[in-house]
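Undergrad: Before anything else, here's the structure in question.
The values are calculated or read from the model by the stated rules, or taken from the named source; none is laboratory data. Note that this is a predicted model, so its numbers are computed, not measured. When we count neighbours, we look across all protein chains shown, and the Cβ atoms used for this are built from the backbone with ideal geometry, even at glycine. These accessible areas exclude ligands, DNA and RNA; they are computed on the full protein's heavy atoms, side chains included. Shrake-Rupley method; radii C 1.70, N 1.55, O 1.52, S 1.80 Å.
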Amino acid sequence: MSGAEEAGGGGPAAGPAGAVPSGVGVGAGPGAAAGPAAAALGEAAGPGLPDEAGLAGARQLQEAAGDPDAPPKKRLRAAEAAEAAAAAVAAGSGKLEERLYSVLCCTVCLDLPKASVYQCTNGHLMCAGCFIHLLADARLKEEQATCPNCRCEISKSLCCRNLAVEKAVSELPSECGFCLRQFPRSLLERHQKEECQDRVTQCKYKRIGCPWHGPFHELTVHEAACAHPTKTGNELMEILDEMDQSHRKEMQLYNSIFSLLSFEKIGYTEVQFRPYRTDDFITRLYYETPRFTVLNQTWVLKARVNDSERNPNLSCKRTLSFQLLLKSKVTAPLECSFLLLKGPYDDVRISPVIYHFVFTNESNETDYVPLPIIDSVECNKLLAAKNINLRLFLFQIQK
């Protein structure tokens with residue numbers, strides 16, 4: 001056997017170079033299998049999307065690996081090269097996804113938007129939460145809100161939603177936090193709530209005290225062995241008493257509202273809080289409504305942020321409080337109950353809370369009481385708006 005045959009990997013079976021499928025190396029050394037893999041890597045990692053040449057090379061390698069007439073060594077090398085080429089193609093598409101993540105992410109939080117996407121006049125993207133937060137911060141600091149990238153002015157009238165980006169983001173793959181599988185972002189929420197077998201769930205007997213939490217695929221086994229359905233009547237009565245206590249306050253609120261609705265003198269009106277600044281050296285934001293008439297009396301509402309702390313823009317937790325002022329003169333004490341609810345054209349979530357106060361000529365304004373909004377996100381929505389529109393209900397208590 002000649003030296004050329006030894007280098008060729010075992011005699012005539014290696015054949016001339018032209019007989020080997022395109023992209024398959026013929027050397028016997030370790031570098032021979034790396035040759036087509038490197039070529040496939042170079043083809044697939046180019047512009048990000050695997051091109052036709054890279055896919056064709058991978059197919060040829062797979063055909064060579066499955067050729068029954070080829071020598072065993074050649075089939076083994078072709079199989080290894082095909083695996084490397086497939087990995088290179090996958091790596092190329094992965095790099096494209098990474099680049100899309102960096103292009104479509106929010107310019108403020110640098111994360112992919114989960115809902116609406118807004119853009120400034122120069123096209124820079126902001127998720128809905130960051131956009132509202134920027135507008136609220138600007139209102140608190142008495143500044144014009146600007147894009148963090150190009151510093152152009154932003155507002156609800158100047159910025160618009162980018163539906164193309166929203167659709168593109170919804171199709172990007174995202175990993176399920178339970179089973180670690182990849183799904184389009186538009187389908188991920190449904191998968192995690194309804195379909196994932198590893199999602200965390202609770203026992204159906206949790207209402208009678210079962211504390212079990214575990215993956216969904218173990219739920220049937222647990223419920224079959226759960227001891228809580230066999231509790232005695234006395235044990236169940238203790239659990240029901242605790243549940244009744246948690247619902248008692250809620251029922252008390254609704255009963256109070258129903259009793260107020262039976263009063264003779266009831267009034268309500270739409271109120272609009274407008275932003276103003278104090279005359280202090282360090283000005284503070286506050287809100288005030290124009291005068292309005294309810295129950296034949298003239299009233300004004302005022303509101304402030306975080307109880308007028310010095311720099312509410314530096315706080316992540318934001319609250320609003322308000323007070324009701326009687327502007328007209330009364331001949332006798334005026335006892336009233338009042339509450340604020342969301343207006344007909346706003347989507348802010350407010351929990352109803354009833355407040356009571358006796359108005360006189362000497363005591364004509366209530367203390368500041370909390371506006372019962374759900375959380376700081378809802379507060380930012382109100383601060384980002386040009387005005388705050390709510391609905392006031394007043395009930396006059398007659399003895």
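Undergrad: Under 10 °C and 1.306 mPa s, how fast does segment 332-399 diffuse according to Stokes-Einstein, given a Kirkwood radius computed over C-alpha pairs? Answer in µm²/s, whole number.
TA: Diffusion coefficient, whole number: 117 µm²/s.
Undergrad: Just to be sure I understand the curve: with the Debye formula and one point per C-alpha of segment 209-286, what is log10 I(q)/I(0) at q = 0.13, 0.25 Å⁻¹?
TA: -0.76, -1.12
Undergrad: Collect residues whose amide H, placed 1.01 Å from N in the peptide plane, falls under 5 Å from the amide H of K265; neighbours closer than 5 in sequence don't count.
TA: Long-range HN contacts for K265: Q396.
Undergrad: In the P(r) worked out for segment 171-308, what percent of Cα pairs fall beyond 24 Å?
TA: Within segment 171-308, distances greater than 24 Å cover 68 percent of Cα pairs.
Undergrad: While we're on this one: Give me the accessible area per residue for segment 267-346, probe 1.4 Å, as a whole number in Å².
TA: Averaged over the residues of segment 267-346, the accessible area is 55 Å².
Undergrad: Under a plain spin-label model, where a point goes 7 Å from the Cα along Cα-to-Cβ, how far apart in nm are Q144 and R291?
TA: Using points 7 Å along Cα→Cβ, the separation is 3.6 nm.
Undergrad: Here's something else I'd like to know. I want the local charge near D375. Using Cβ-Cβ distances under 12 Å, sum +1 for each Lys or Arg and -1 for each Asp or Glu among the other residues.
TA: Around D375, the surrounding residues sum to +3.
Undergrad: Which lysines does K317 reach when only Cα atoms under 19 Å apart count, and residues fewer than 8 places away in its own chain are ignored?
TA: K317 reaches K141, K381.
Undergrad: Hey, got the dipole for segment 248-387? About the Cα centre, +1 on K and R Cβ, -1 on D and E Cβ, debye to the nearest 20?
TA: Computed charge dipole of segment 248-387: roughly 260 debye.
Undergrad: Determine Rg/Rh for segment 283-375; Rg is computed over alpha-carbon atoms and Rh is the Kirkwood hydrodynamic estimate from the same atoms.
TA: In segment 283-375, Rg relative to Rh is 0.99.
Undergrad: Please report the net charge: other residues with Cβ closer than 9 Å to the Cβ of H191, K and R +1, D and E -1.
TA: So the surrounding residues net to +1.
Undergrad: A further question on this structure: Between A225 and E362, what is the label-to-label distance in nm when each label sits 7 Å out along the Cα-to-Cβ direction?
TA: According to this spin-label approximation, the distance is 7.3 nm.
Undergrad: Further, regarding this structure: Quick one: compute the contact order of segment 144-206, relative version, from alpha carbon pairs under 8 angstrom and 6+ residues apart, as a percent.
TA: 19
Undergrad: Quick one: which residues, 5 or more positions from S174 or on another chain, have an amide H under 5 Å from its amide H? H modelled 1.01 Å from N in the peptide plane, none for Pro or chain starts.
TA: HN-HN under 5 Å from S174: F183, R185.
Undergrad: Follow-up. Add +1 for every Lys or Arg and -1 for every Asp or Glu among the other residues with Cβ under 11 Å from the Cβ of E142, and state the total.
TA: Overall, the nearby charge balance is +2.
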